[in-house]
Structure formats: structure tokens, C-alpha cells
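The values are calculated or read from the model by the stated rules, or taken from the named source; none is laboratory data. These numbers come from a predicted model, not from an experiment. A quick note on method: Cβ atoms are made from the backbone with ideal geometry, for glycine too, and the neighbour counts reach across all protein chains shown. Just so you know, the surface numbers come from the protein's heavy atoms only, side chains and all, with ligands and any DNA or RNA stripped out. Shrake-Rupley method; radii C 1.70, N 1.55, O 1.52, S 1.80 Å.
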Amino acid sequence: MQAWRAPRAFDGDRFLPGGATVLVEGDRIVGVESADFTAPSDCPVTSYDGTLMPGLVDAHVHLVSDGSLGALERVGALDEEAIDAAIVQSLAAQVAAGVTTVRDLGDRGYRTLVARDRGAAGSPRIVASGPPVTTPGGHCHFLGAVAETEDELRSAVIERHERGADVVKVMASGGFLTPGTDMVGVQYAVTALRAVVDTAHDRGLPVLAHAHSLAAIEAALAAGVDGIEHFTGVTEDGAQLSDDLLARTAAAGVVVDPTMGNDMSLVATMPPPPPQVQAIMDRLGMDMLTFFAQRSADVGRMHRHGVRVVPGVDAGAMPLKAHGNAWLAVLDLVAAGWTLEEALAAGTAGAAEACGLRTVTGRLQRDLAADLLVVDGDLHAAPRSLGSPLAVMVRGDTAVSR
Ligand SMILES: [Zn+2]
């Protein structure tokens, strides 16, 4: 047995006054006690002057990509060895930033499932979709999972189930990063998406839809998906997320991941966007900063409507979205109107639940995995200390200790 102790603590739902001592046996939490708890004499206690909490969950990552410009698009040309090396590097960056679970929503050749099944001491837990399902020439087609007809879509879902995927990811609209894809319309009709959802649900798999356009959000909701990634609401007249849409999304219990957590300090260093992205921005009358400001306002409205939101990053998609930015995505919720406690809960227990891991991780709770994070200082006084891990434990293995 071992124990970590800190004078401040957050348990996945709320702050624990006076801090906590968390007792760990093997890979499990076996007790959550007060900070002045007297541990058994054979139990070494490591004390940190910080805030002890569950490790963060990034609910949207691409481990196969290092996040450099164009890296995700280049994955299609990499061999397995290079992809596996990228996955190892991405996981190392995640855990160094306090992330103990990632949900990978787009790899190539099912390599993230291989990494998941192989496991590694001190490396984040992986929940994985395998390659995202898309149309011929559609968003992220270079990841190699194209399906167009309903029969092809059903086959794609069955393949993912047989491969052991944890979740199915389908591209319901085009994306900023794939030239020529439809950012305003849909990639699939509702009936086609419903074939995906029904086939997946029959096999116990949840379905997440990538949807930037308002039309794709509506199609995904009508098809009964479990979660929607991005949820931008792009139309010919700009981004539009009506109160009615948000109310229906909340009522359906669909989990929205607005994929924030952008490192804004890098915006000035970014090259001009590719022409297809610039064309969309011009049509919407937006630059990158106004786009992000509107996102923040919309995420605040999601909160007021009671939409379940998880702070995934889309880590690896571009330089602003580095592996390890989960803490920034949590603070973006605070900026959008969440209390600090609500935002931390969304990034720990809430995201773990959305990943199907409610009984596995996400809280300082007896019998859950010993996935722990200690950040420097007092989060109430200095929220950005969330980005300064002093120590990280994954399944009982110490991954970081400063
Ligand atoms: Zn993504």
C-alpha cells in the first residue's frame, strides 16, 4: 500500500475541505481519508503541497498525430512503425500534462487499439474508435475508413465491433482540415446515420458523430447518436445554435464535446489557414479569434441549457491542439461560465462517464483505478496551476513526480 496526501483536494465532483490522503493498493484506490489521517506504519505517504485530484480525461484525441501542421493528414502515408512511435510520443505528452485517460477518435490501421491492448506502465488508459468512418473523399478519408451505402456502413460498424473498438466515430459533416469537404451540409443522410447507430447499439457500442454543420448536428440527433463532436453549427449565414436546438440536445442526453483547449499563445505563430478554411472564415465574416470567441459564448449557452459537455481537445489535430491541452479545455469551460468545480468535474468524472468508464476511473473513490493528479498550489487562487502537474499516477504507477 502507498498513499498520496495534499492539503487541497478535488474528488471528481467537489472540493474536499482540508485536503485528502488517498490510499492505493496495487492499481486501485482503497481509501480516501482526511489530510491528517494516520496511515498504517507499512504504508509510505508522499505529501505534496498542491491539489490532489483524479487525473484528467481528454475525450477527443488523435494519438497517431503529433499535432504539427498537416501531421494528421500525413498519417495515411506512414508505416505501422512510424504510427506506433507517434502514439507512444503522444501518450507521453498527455500523461506529462496530467491526463490519465484518452478517448482516441481517429487512428489509422487500428494501431491505437494495439497500443490499448499492449498497455504500458504509467501510460494513459485508451478508449478507442479505430479509424473514423467517412465518405469517399470525405473528412479524414486519408485515415482509410470509407463507407458510403447503408450496407457498407453496417459492415464498417461490424468490423469495428470485431476489432474490439470501444466506440464508433462517424463523420457526419466535412471538416476544416480536409479540402473539398462539405462544411455546411451533411456527408450522410439521416437513414444512413441511423443504420450506423442501430448496428452499433445492437452490439453495445456508442456512436459519436463529428458534426460542424448545423445540418449534420440535426441529422445526428435525428439518428440517435450518443455524442456529437465539435457541434459548431455552421450554416451559409454563420454559426447558428438556436436555444431550441440546445434544449433538444440536453433533453436527448447527447454529450457534446466542443473541442476547445486551443493554445491561444500560438495563434500569432500560425501560418495563414489553407484556402478552403479561409473561404469558410470569409463567408462567415470571422477570423480565428472571433470564431473562438463565438465558440466560448455558445459553450456558455450549452451550460445554461443543461447540455452535457465534455472538454475534449481534438489533440493532435493541429499545433494549437497539442497533446496535453486538456487542462486548457477545462479552463475554457470556466471562461464560458462554468464554476471551477463544474469544469473540473466535466474534465474528470464527467468525461470518464462519457467514455463509459464511470465504474473504472474519474473520481477519488474507493475501488476505482488509482489515476491521480497533483497540481501545484491552490486552483481557486490560481486556476492555471491546473497546467502544472507535480505528480501523476496511472493505475497505481507513478508516471510523473516533481
Ligand atoms: Zn478529431
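Worth pointing out:
- Boolean, ILE217 is touching a residue at least 24 places away in the same chain (Cβ under 8 Å) and assigned to a helix (DSSP H, G or I): yes
- Within the set VAL168, VAL146, VAL190, the sole residue that is surrounded by 23 or more Cβ atoms within 10 Å (Cβ to Cβ) and aliphatic (A, V, I, L, M) turns out to be VAL168.
- Hey, ARG304 among the charged types (D, E, K, R), farther than 24 Å from LEU69 by Cβ, surrounded by fewer than 19 Cβ atoms within 10 Å (Cβ to Cβ) and at pLDDT 95 or above or not: yes
- Segment 75-128, subset closer than 22 Å to LEU386 by Cα and open to solvent by 50 Å² or more (accessible area, probe 1.4 Å), residue farthest from the ligand (Cβ to nearest atom): ALA92
- Taken over segment 98-133, the criterion of being modelled with pLDDT under 95 and touching a His at 6+ places or on another chain (Cβ under 6 Å) is satisfied by GLY106 alone.
- Residues of segment 47-62 include at least one that is open to solvent by 40 Å² or more (accessible area, probe 1.4 Å) and either in a strand (DSSP E or B) or basic (Lys, Arg) (or both).
- LYS321, sole failed condition from (1) assigned to a loop (DSSP other than H, G, I, E, B); (2) open to solvent by less than 40 Å² (accessible area, probe 1.4 Å); (3) in contact with a helix residue (DSSP H, G or I) (Cβ under 8 Å, 6 or more places away or on another chain): (3)
- Near pairs, Cβ below 6 angstrom, 6+ apart or cross-chain, from segment 75-91 (under 14 Å from SER123 (Cα atoms) and assigned by TED's automatic domain parsing to the domain that holds ASP117) to any residue that is among the polar types (S, T, N, Q) and open to solvent by less than 90 Å² (accessible area, probe 1.4 Å): LEU91/SER123
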